[in-house]
Amino acid sequence: MTLPKQEDEPTKSVVKNELILAKTNLKGDWLNIILLLLFYLMQGLPLGLYTAISILLQNKKNITYNDQALFGMATWPFSLKLLWAPLVDSFYVRKIGRRKSWLIPVQFLLGACFFYMANSIDDLLPEMGKPNILKLTAVVILCTFLAATQDIVVDGWALNLLQKNNVGYASTCATVGQVMGATLSAIFLILFTSEDFSNKYLRIMPSVGGIMTMRSLFLVLAIVFVAITALIAIFKNEKDFTLEDNEIKLNTFQNYILLWDIFKLPSIRILAIALLTWMIGLSPSDEVVNLKLIDVGVPKNNIMIIQTGMNVMQIIIPVIAVKYTTGPKPMSIYLNIIPFKLFWNFSFLIFIYCASKLPKNNGVVDIPIYYYAILVLIQSINIIQFNILITTLVAFYCRISDDRFGGTYMTLLNTLSNLGRQLAKTVLYSSIDLLTVKECTFDSKNNCSTSHLQNVCKSNGGDCMTIVNGYYVETIVFTIFGFIWYSIFKNIIKQLQCKSPSDWKVKMNIQEPENYLNS
């Protein structure tokens, strides 16, 4: 009987060594973890500005949904960053550092964008008159493009910045930092520039305007970005891992070939199918809940207050969960949570159904206080589950990524999971109207399926009555799909996380990188 080859099946000693490496020890890594947290916080600031500006635009009476759709293009860079991730891995100045070569100019440019917005905000988003949507969209797209590029850089640097047994903490830094940055910038832009909020909560004596103007806020952001980036450029040295880790400097074309070769790995192809479909079953409790709450009469302001509390929870949860997600098998936690998360879809369905039956007073729903307490409880449990899922996914990405090409590898995996979430959202939104059955109370032949038919019904004194609510139907259908997905991929995912690190590495000739093009 012959023993299996080492590359086919890890020996017991190899497995034992990997388990030893899996034990985390933060000694010597605390400063690097703080630095990573700072990087991700700075990355979250432009994302929060997009959210806040979209809310400010919606409050203006002279803004159309077409304007909002145009401004929505500002989110595209984070979904498309895979297109230029190989460029980030290819071009760098070795004396500066592989990651610093990109990080420093990108963050200086973000500071320059904030300086521009500070000087032009009265034209981009005036108090009176129509905002300059086209120019505002262009500026915010540039900010999110730079933030997406910074994300590629930091994701890749985290694999070398932290010790091997601590790389799982990168996912915690990413989750906590991004949420903190997005929450802070949104709060400052919406609340601290609000006269009503400032006079009610932040001032002793009432005054005109908020405690900050938008111009002063963007000016502060610009100064902070420039100052922090300058300090990093001067005092933070980046270790050259080229010789130590046998890294290869590839040209741009080779990096795109590398991207394709990563995708051709059998393990990656199987994982990609799972990531592109993972959110369909979970989406009813994550993507459309707030819209349905508004439909049944829950005030938008109350929803936003609850959402702010959920954002705070998103900062706390990864810190608590990190103890469990940095181990050798983070996907075991993922698989344990999925069934509970699928069942939790029905908690929102029941709540929304009950809220829709509450009596209305002059068209306004009188929602008891205990309903809000129940909603907070449901949302809290849901956000805990979802954030643990995301944290375990990113921890798994950090563990399996080939750190020679960390930026490209991590970006590919994150792009696959983001595309899965976007696919689920698209299917979810398009299914609601498709599965909803309505009927005009004045004319049973009018199904109110279009705006014209709805107007005809109302003009004749009727009202469009919902016979079958598409949200309820799709919640059941999507949840069933989720359990089918779970039964198919449960054992597959278990097998993937037990694979040897060599199964996730790109095979190439290190001594002769030019042969990579001919392989």
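Observations
- Summing charges over neighbours of residue 104, with a neighbour being any other residue whose Cβ is under 11 Å away from its Cβ, gives +2 when K and R count +1 and D and E count -1.
- Ranked by how many other beta carbons lie within 10 Å on average, peptides 466-478, 429-441 from highest: 466-478, 429-441
- Peptides 483-491, 342-350 ranked from most to least packed, by the mean per-residue count of other Cβ atoms within 10 Å: 342-350, 483-491.
- Measuring with a 1.4 angstrom probe and ignoring ligands and nucleic acids, residue 123 comes out at about 80 Å² accessible.
- FRET efficiency, residue 445 to residue 95 (Cβ-Cβ, R0 56 Å, nearest 0.05): 0.15
- Between residue 357 and residue 269, the modelled labels are 5.2 nm apart [label points 7 Å from Cα along Cα→Cβ].
- By accessible area with a 1.4 Å probe, ligands and nucleic acids excluded, highest first: order of 218, 340: 340, 218
- You can think of it this way: the chain between residue 320 and residue 502 has 62.4 nm of extra reach, that is 0.36 nm per residue less the Cα-Cα gap.
- Simple spin-label estimate for residue 337 and residue 366 in nanometres, 7 Å along Cα-Cβ: 4.0
- Förster-model FRET efficiency, 35 Å R0, residue 87 and residue 123, C-beta, rounded to 0.05: 0.60
- The Cβ shell under 12 Å around residue 468 holds other residues with a net charge of -2, Lys and Arg each +1, Asp and Glu each -1.
- Taking all protein chains together, 219, 393 sort by accessible area into 219, 393, largest first [probe 1.4 Å].
- When you restrict to C-alpha pairs under 8 Å that are six or more residues apart and normalise by the size of the range 62-192, the relative contact order lands at 34 percent.
- Inter-probe distance in nm under a simple model that places probes 7 Å from Cα toward Cβ, at residue 456 and residue 134: 3.8
- Taking every alpha-carbon pair under 8 Å whose residues sit at least 6 apart, the range 431-492 reaches a relative contact order of 36 percent.
- R0 of 56 Å, Cβ-Cβ distance residue 31-residue 427: FRET efficiency to nearest 0.05: 0.80
The values are calculated or read from the model by the stated rules, or taken from the named source; none is laboratory data. Treat the numbers as computed from the prediction; the structure is a model and nothing was measured. Virtual Cβ from ideal backbone geometry, glycine too; neighbours counted across all protein chains shown. Note: areas computed on protein heavy atoms with side chains; ligands, DNA, RNA excluded. Shrake-Rupley method; radii C 1.70, N 1.55, O 1.52, S 1.80 Å.
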